[in-house]
Amino acid sequence: MKIIYTDVLIIGGGLAGLRVATGVKDRGHDTIVLTLIPPKRSHSSAAQGGMQASLANCAMGEGDNEDVHFLDTIKGSDWGADQEVARMFTHCAPKAIRELAAWGVPWSRVARGDHTVIINAKKETITEKDEAHGLITARDFGGTKKWRTCYTSDGTGHSMLYAMDNKAHEKNIEIHERLEAIALIHENGRCYGAIARNLMNGELVAYVAKATTIATGGYGRIYSVSTNAIICQGIGQAIALETGVATLGNMEAIQFHPTAIVPVGILTTEGCRGDGGLLLDKDGYRFMPDYEPDKKELASRDVVSRRMTEHMRKGKGVSSRYGDHLWLDITILGRKHIEKNLREVKEICENFLGIDPAEEWIPVRPTQHYSMGGIRTTYQGESQTLKGLYSCGEAACWDMHGFNRLGGNSVSETVVAGMLVAEYISDFCDKAESSVNVQSATIEKFLKREKEKIEALLTKKNGEDAYVLRRAMEKIMMEKVGIFRNGDDLQEAVTELEELYIRSKNIEVFRSKSRAANPALVNAYRTQKMLKVALTVAYGALLRTESRGAHSREDYPERDDANWLKRTITAWPDENQTLPTVSYEDIPISNMELPPGFRGYGKDLTIHHPETKVRQQMVDLIKEKLEKEGASRHEVQNALMPFLKKLPKKYQKFNERLGDIHE
Amino acid sequence: MSELEKPRILKIHVLRFDPHNPNDFPHMETFEVEEADGMTLYIVLGEIREHLDNSLKFDFVCRAGICGSCAMLVNGRPTLACRTLTKKLDEDITLAPLPLFELIGDLSINSGAWMQGLNKRLETWIHDKEQELNINKLEERMEPELADEIYELDRCIECGCCVAGCGTIQMKPDFVGAVGLNKIARYHLDPRDKRTDEEYYELIGDENGVFGCMTLLGCEDVCPKSLPLQSKIAYLRRMMLRTGLKG
Ligand SMILES: Cc1cc2nc3c(=O)[nH]c(=O)nc-3n(C[C@H](O)[C@H](O)[C@H](O)COP(=O)(O)OP(=O)(O)OC[C@H]3O[C@@H](n4cnc5c(N)ncnc54)[C@H](O)[C@@H]3O)c2cc1C
């Protein structure tokens, strides 16, 4: 029996996991990072477009600050987000990006003088100030009032992840590659680490730790077409669920990105539209202004994806053997811009479509892209129900995105959450209560259980084919739990998924019987786990009889604050149950800084909660009074919803901006 | 491919070997796959695994040419499999793992461990002992063109193609390769890294570093990101010569 002890076990070597690792190591705690693949190959590397941080350096970002970023984030979330968490996030994003600048990310910079840009299909000139020259610049992204999305060409995630991984090397952080966590070790409501399987030689290892962090990214691959890397399979969420104790939040909140290429689903970044690209239909007609006259192509992601789908349903899509699609036109940006700022996009078009996007339109359609839901945690990133288990990044739901995440807010979240959660974990590890007093019999029990499961898969006779079950699941998710949802389809989805889940208990690994590296075995146990995750998504979606953010019910088009201003919580307390247990957590209006309102897209169909009015009046009153007294924006904010004290002390200070210095 | 033409039947010859199976030995195995529109080797290998042989080992992660996981020899040439379109190849396609790296099985190699070792050896991070970072204050400025130039070299995805294509490394296994030299060029260019030329000399001023390269150009030819590897190596060599002569 191989047991490895450490202080902080981190499952996942993407941006979130690595940032936690450097943070706890700085605080003097030992740490080990487990990852399926070399960290630099994590899905974070695929983020092209950028990272939101309200630096306000570039001309079109002037006047930006945490307040505006907060406003955009909450509206984007359709009021589903935890407002305190969103405040903590927007406060720390500028710090995180400045830290990364010092760690080596070559952020694209402001160049003084006149620049020609494309805004609303027209050439315009913007003038960058002398004093901003050389500071980090930003581009426009959907659903934001200011140009706030900082970038390195279109390799933002790549350059961030490389800097972060190199930092981890500098700090001598132990990284165990090709080790897959397949179960959490826990007892009496306390998590003690994980059982991991070595993907090269098949060995099972018990990692025992004071604190365990799941930073395994999203679960997009439960859908057949997704922009996600093929390893984004929700195994982190599944092993949390399988404890029976930890819970998941808002799993039905799934984002579809407007512009993935057809048919393979590889993403072209929102930066294409941010920089001035247009969406066209089969007649070459620019349709978005008809639907969203104000934000047009740069409405929030969920909105653009729905409008595109609506437009295709009207027969305006381009038909192809892979189904209908629309066009993304970036030719108007010019070759020079494309070859410098959208180079990955150009490479993708050349390599996967055989077209030159400076000359030709790109075939696109909305595709599964981001998981807002995940392991439900407190603002400190700790599971609400399983002590010692933490989670952050796309894997978690601490909940800053609510029902729709803004582009550029996710890589930003990974590093901010990583920074903060590292401190909270360190505080926990500093305390005596964190000491590990788990019996070796318990560890052995978990090891044995996992070993038996694997043996069963390899030795079963006349069982099910995991690939068949998995493809069926992916198809159901695609067709019945997609962009537009309705009760009948969702009910069918749940019933069919439940059947698949029951069948999955009987999976057999055909022919390929190796106990070492064995892709068929991996697919078998992951399929069992993915089906559980898919059920939490479909079942949560069926029960939520309203439309909020990316969750859009044709049979319940209203956002129903009166009944549904709540988070969906799913759990799997009994191994023998075949559907998740669902409960709800209220999102209290009484302490909201920004009480629920209209997002500003389409018709306002909100069914308001009676408390909204009361809170709005109170907010208005406080604001009016303080502003009259000449209070600063920070003082007003603090009176409405204090949050600074929740942050680790070292991150409580205000952020400096160019405006502060030159005023 | 037009709708009328009959699709080609691709013959995929794979060099297979499972080092964990004592009875196995390296051998070629051929799979037949019907070509489809827009088919890439990612799709081909996925179909083989799902329908023909579920034990076939290979690595894909992003499947979009971004993460560098899937480098392999395609008809003898190191490249990223995920973005290789079959229509650009003959019907007979030979696939083999990248040489020089530890073999996990079939087409799957442990390039990650090799790269981890390289990064540690060359200390590929910003060195700045004086740095007192105050993240509440404005970031340090950088000339926009310089930031772009650094990013240009930062685009390496550690796929290992240049290592597999390198003539030198086959004779000198400790040679840092174009990937390593490019990283040094990247940090050397970066004003945030305060290492001196002498310190860089310590790292690469020998036969396993910049003086080992025999300018066979294999690296630049196969780099999927088209990095300017040869000109950077030449530049480093001149600089290191100067430093060496001084010391
Ligand atoms: C194509 C694309 C483009 C994007 N562009 C942007 C953008 O421009 N801006 C933005 O803000 N966001 C963007 N996003 C979203 C953003 O990239 C991700 O949300 C974010 O990078 C997730 O980071 P993470 O650290 O949480 O997880 P990941 O980077 O996905 O890392 C997960 C890690 O967990 C490991 N892992 C998983 N399961 C296990 C297991 N069972 N055991 C051990 N290890 C495990 C993996 O090996 C990996 O290291 C984009 C997403 C996609 C799909």
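Worth a mention:
- Summed over the stretch A:243-259, residues that are of a type in the set (Ser, Thr, Tyr) and either closer than 20 Å to A:GLY80 by Cβ or open to solvent by 10 Å² or more (accessible area, probe 1.4 Å) (or both) total 2.
- As a summary of the residue check, A:ALA206 satisfies the conditions (1) more than 10 Å from the ligand (Cβ to nearest atom); (2) open to solvent by less than 10 Å² (accessible area, probe 1.4 Å); (3) farther than 24 Å from A:LEU457 by Cβ except for the one numbered (3).
- Every test in (1) surrounded by fewer than 22 Cβ atoms within 10 Å (Cβ to Cβ); (2) under 22 Å from A:ILE476 (Cα atoms) is passed by A:TYR525 save one, and that test is (1).
- Taken as a whole, the structure leaves A:ALA240 outside the set of residues that are under 30 Å from A:ASN523 (Cβ atoms) and in contact with a His (Cβ under 7 Å, 6 or more places away or on another chain).
- Residue in the stretch B:100-147 that is nearest to the other protein chains (Cβ to nearest Cβ), counting only those that are basic (Lys, Arg) and farther than 17 Å from B:LEU203 by Cα: B:ARG141
- Subset tally (residues that are open to solvent by less than 10 Å² (accessible area, probe 1.4 Å), part of a loop (DSSP other than H, G, I, E, B) and more than 14 Å from chain B (Cβ to nearest Cβ)) for the stretch A:262-291: 5
- If you filter the stretch A:29-44 down to residues that are more than 6 Å from the ligand (Cβ to nearest atom) and out of contact with any helix residue (DSSP H, G or I) (no Cβ under 6 Å at 6 or more places or on another chain), you find that the one that is farthest from A:GLY220 (Cα to Cα) is A:ASP30.
- Residue match in the stretch A:211-220 (condition: β-branched (Val, Ile, Thr), away from the ligand (no atom under 11 Å from the Cβ) and buried (at least 24 other Cβ atoms within 10 Å of the Cβ)): yes
- Meets criteria (within 29 Å of A:ILE261 (Cβ to Cβ) and assigned by TED's automatic domain parsing to the domain that holds B:ASP193) for B:GLU47: no
- Checking each residue in the stretch A:12-28 for being near the ligand (Cβ under 8 Å from one of its atoms) and in contact with a strand residue (DSSP E or B) (Cβ under 6 Å, 6 or more places away or on another chain) picks out A:GLY13, A:GLY17.
- Filtering the stretch B:205-217 for residues that are over 20 Å from B:PRO78 (Cβ atoms), open to solvent by 10 Å² or more (accessible area, probe 1.4 Å) and within 10 Å of chain A (Cβ to nearest Cβ) leaves an empty set.
- The criterion of at least 3 residues that are of a type in the set (S, T, N, Q) and away from the ligand (no atom under 16 Å from the Cβ) is met by none of the strands (runs of 3 or more DSSP E) wholly inside the stretch A:298-399.
- Close pairs (9 angstrom Cβ cut-off, 6 or more residues apart or separate chains): free of Cβ contacts under 8 Å to residues at least 24 places away in the same chain and more than 14 Å from chain A (Cβ to nearest Cβ) in the stretch B:80-98, open to solvent by 20 Å² or more (accessible area, probe 1.4 Å) and not in a helix (DSSP H, G or I) anywhere: B:ASP90/B:ASN75
- Test for A:ASN172: is it surrounded by fewer than 23 Cβ atoms within 10 Å (Cβ to Cβ) and farther than 30 Å from A:ASN523 by Cβ: yes
- Residue tally, condition part of a loop (DSSP other than H, G, I, E, B) and either surrounded by fewer than 16 Cβ atoms within 10 Å (Cβ to Cβ) or among the β-branched types (Val, Ile, Thr) (or both), over the stretch B:218-240: 2
- Looking across the stretch A:221-234 at every residue that is within 14 Å of another protein chain (Cβ to nearest Cβ) and within 10 Å of the ligand (Cβ to nearest atom), the one that is surrounded by the fewest Cβ atoms within 10 Å (Cβ to Cβ) is identified as A:ILE231.
- Cβ pairs under 7 Å, 6+ apart, first in the stretch A:478-497 and farther than 24 Å from A:PRO263 by Cβ, second assigned to a strand (DSSP E or B): A:ASN486/A:ARG553
- Counting only residues that are part of a strand (DSSP E or B), in contact with a Leu (Cβ under 8 Å, 6 or more places away or on another chain) and within 13 Å of another protein chain (Cβ to nearest Cβ), the stretch A:111-164 holds 2 of them.
- Failed item, numbered, when A:LEU626 is tested on (1) closer than 30 Å to A:VAL303 by Cα; (2) among the hydrophobic types (A, V, I, L, M, F, W, C); (3) assigned to a helix (DSSP H, G or I): (1)
The values are calculated or read from the model by the stated rules, or taken from the named source; none is laboratory data. Only a predicted model underlies this, so the values are computations on that prediction, with no experimental measurement involved. When we count neighbours, we look across all protein chains shown, and the Cβ atoms used for this are built from the backbone with ideal geometry, even at glycine. Keep in mind that these areas ignore ligands, DNA and RNA; they rest on the heavy atoms of the full protein, side chains included. Shrake-Rupley method; radii C 1.70, N 1.55, O 1.52, S 1.80 Å.
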